[in-house]
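Undergrad: Before I ask anything, let me first share the structure, which is written out below as structure tokens.
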């Protein structure tokens, strides 16, 4: 799996951080999500899929490999 994050679309809801904290974090200054791991290991995939599904801005994109 390869993850991309469209930061300009992010609305700083933080749902991705709750669903997959090993893969996403938020900037302190504005809360916008940041991608910590663009190629997460397999045991993290379920959380990343959840994060993409619940993102209110649809800013998370997944490419299955």
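Undergrad: Using Cα pairs closer than 8 Å and at least 6 residues apart in sequence, work out the relative contact order for the chain, in percent. Intermediate values should be presented prior to the final figure.
TA: Values: 119 pairs, mean separation 30.4, N = 65.
Computed value for the chain: 47 percent relative contact order.
Undergrad: Related question: How much length, in nm to one decimal, is gained on full extension between residue 41 and residue 57, taken as 0.36 nm per residue of separation minus their Cα-Cα distance?
TA: Details: separation 16, 0.36 × 16 = 5.76 nm, distance 2.44 nm.
Between residue 41 and residue 57, full extension yields 3.3 nm more.
Undergrad: Further question: Reported to two decimal places, what Rg/Rh ratio describes the chain when computed on Cα atoms with Rh from the Kirkwood expression?
TA: Value, to two decimals: 0.92.
Undergrad: OK, next. Any chance you could give the angle, 0 to 90 degrees and rounded to 10, that helix 45-54 forms with the longest Cα principal axis of the chain?
TA: Result, in degrees: 40.
Here, each number is a calculation from the coordinates, and none is a lab measurement. These figures come from a predicted structure and were not determined experimentally.
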